[in-house]
Amino acid sequence: MQPMTVKEIASAVGGVWWNPREDAPEVTAICTDSRRVAPGCLFLPWVGEKFDGHDFIDTALAAGAAGCLCARLPRELRPDKFYIKVDDTRLAFKALASAYRDQFHIPFVQITGSVGKTTTKEMIASVLGAKYRTLKTPENFNNDIGTPLTLLGLGPEHQAAVIETGMNHFGEIRYLGEMVRPDIAVISNIGDAHIEYLGSREGILQAKCEILENLKEGGTLVLNGDDALLNTVESGFSTIRCGKSEHCDVRVTDIADHGVEGITCKVVTKKGIYALSIPAPGEHMVYSASMAVAVGEVLGLSHEEIVRGVASYEPAGSRMRVVRLPQGRIILDDCYNANPQSVTAALEVLAKTECDRKVAVLGDMGELGALTDQAHYNMGALAAMLGIDFVVAIGTKAAKIADGTAQSGGAVLHFATKEEAAAELAQQLRPHTAMLVKASHAMHFGELVAELQRGYD
């Protein structure tokens, strides 16, 4: 973050500076967690369902924060700190990030989608990084806290920004887009994630298309051209459809699946043919790669830069991370999150992995509403139909995974908790075995992966 004066911050958020003084320090960082205060930062107390950060203002100031931006002042004001009073800290954070973003005249790419938005973000950032110093959304900072924090991380060195935005309710993509105001909007696909709150896939489409409301005039929309619902979108913007279908403007051909070693393919555009090597498993990766090609062309990258950018892609976090252990053991760590579409893709990767034995560790998928039971049953049935040798289903909802596997002729065990399953997983990870670990983030399956790895340290 570039330095901002207290006066500039107060003006940006429409707040009142309660104890102004000439020697107030400039702010170069924002913190919303009193436990992670950086010296000299601005503390912004967040109000959640079960907590109110205003209760920790004094703690944050004592830890080194230079001042705070708050909706409720403490009883006593410290003369060595500054206080900016606003009506709502959430809206003030948005206003601050939006004002700060206005200082940067660089291309902004905003990404959303049901599945694969983080992968697509990473792929686009990797491609743009071949030419431009690119800011990208870190980790899972894709909500109303993470997005402004990401934007406030812009510095004079950045030449492009790739911003991932997530949602589970109507209005959220619009809210985040009001800060980002992208030059290019990307929608990876429309799936079942968050259908519990949005009612239907059509509702999900409507929510994702809120990204168009803040797309700049003359901007570009990049869509998955193989997604039936996205093919109904008529935006009025220049639109690039990416996928395998003949109607796609950026078309993927000659796909070769090399298992855990990755994917090779060709991507054909009006400007040329790109022979791509994607260093990540799963045929679904071609969608992220083709969208990155589209964005790269729009922003003026050369053929060589685009190819090199795709080849330098690295998966983020626990997203089909390949963990190699002694005696040919492989863990496919894909446990960051899960929904029917991403589980299907992960099971297909496992099925194509060259090894003697294949084990799928599958847990609960969240926010599926009325689809919950059937979706879990279908994932178990799919595992059996793909020839997965053994399924370990973990969680309350995952009981339906076990039912689907068993009734489709597959071998399966069900455990209520991951703690109960741990010993069985260690036993199942035999030499020359590939084990997929996949569940919604709330299941914390990363702990299982870490425990399995520790067994070979």
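Rounded to the nearest 10 degrees, the inclination of helix 418-428 to the longest alpha-carbon principal axis of the chain is 40 degrees. In terms of its C-alpha gyration tensor, the stretch 315-389 has an oblate overall shape, because the principal axis ratio a/c (a ≥ b ≥ c, square roots of the eigenvalues) is not below 1.5 and a/b does not outweigh b/c.
Each of Pro431, Gly366, Ile401 was placed along the dipole of the stretch 321-454 (beta-carbon charges, centred on the mean Cα), and the one lying farthest toward the positive end is Pro431. Both radii were evaluated on the Cα set of the stretch 70-113; the Rg over Rh quotient, with Rh as the Kirkwood radius, amounts to 1.18. In this structure, the residue pairs whose Cα-Cα separation is over 20 Å, taken from Lys50/Lys85; Lys216/Lys266; Lys397/Lys438; Lys121/Lys271; Lys7/Lys216; Lys358/Lys397, are Lys50/Lys85; Lys216/Lys266; Lys121/Lys271; Lys7/Lys216; Lys358/Lys397. Helix 340-352 and the longest principal axis of the C-alpha atoms of the chain enclose an angle of approximately 50°.
Determine the calculated [θ] at 222 nm for the chain from helices alone, applying -39500 (n - 2.57) to every DSSP H run no shorter than 4 residues and normalising by the residue count; nearest 500 deg cm²/dmol.
Numbers: 15 runs with 145 residues, N = 457.
That comes out to -9000 deg cm²/dmol.
The HN-Hα couplings worked out from phi for the stretch 307-317 by the Karplus form 6.51 cos²θ - 1.76 cosθ + 1.60 (θ = phi - 60°) are 4, 5, x, 4, 5, 8, 4, 10, x, 9, x Hz, whole numbers, x standing for Gly and Pro. To the nearest ten degrees, helix 372-385 and the longest principal axis of the Cα atoms of the chain are 40 degrees apart. One quarter of the convex hull surface built on the alpha carbon atoms of the chain amounts to 22.8 nm², the projected area averaged over directions.
Which value, in debye to the nearest 20, gives the size of the charge dipole of the stretch 321-454 about its Cα centre, when Lys and Arg are +1 and Asp and Glu are -1 at the Cβ? Can you show the working numbers first?
Details: 12 positive and 15 negative charges, 68 e Å.
Result for the stretch 321-454 is approximately 320 debye, rounded to the nearest 20.
Net charge near Gly446: determine it from the other residues with C-beta under 11 Å of the C-beta of Gly446, scoring Lys and Arg +1 and Asp and Glu -1.
Details: positive: Arg321, Lys418; negative: Asp333, Asp334, Glu447, Glu451.
Charge balance near Gly446 sits at -2.
Listed by chain and number, the aspartates and glutamates whose alpha-carbon sits under 19 Å from that of Lys81, ignoring those within fewer than 8 places in the same chain, are Glu8, Glu22, Asp23, Glu26, Asp33, Asp55, Asp58.
Backbone N atoms of the stretch 351-373 closer than 14 Å to the 7 Å Cα→Cβ label point of Glu261 belong to residues 353-355. For a straight C-alpha distance cut-off of 16 angstrom, the aspartates and glutamates reachable from Lys244 (same-chain residues fewer than eight places away being disregarded) are Asp226, Asp227, Asp254, Asp257, Glu283.
Where does the charge balance sit around His247 when Lys and Arg score +1, Asp and Glu -1, over other residues with C-beta under 13 Å from its C-beta?
Numbers: positive: Arg241, Lys244, Arg251; negative: Asp226, Asp227, Glu246, Asp249.
Around His247, the charge tally is -1.
The P(r) of the stretch 6-91 has a tail past 21 Å containing 18 percent of all C-alpha pairs. Entry for the stretch 321-454 at q = 0.17 Å⁻¹: log10 I(q)/I(0) = -0.77, Debye formula applied to identical alpha-carbon scatterers, no solvent contribution. Cα centroids of the stretch 13-76 and the stretch 81-96: 9 Å apart.
Throughout, read-outs are computed from the coordinates displayed, never taken from laboratory work. Worth saying up front: this structure is predicted, and the values here are computed from it rather than measured. With ideal geometry, Cβ positions are generated from the backbone for all residues, glycine too; neighbour counts draw on all protein chains shown.
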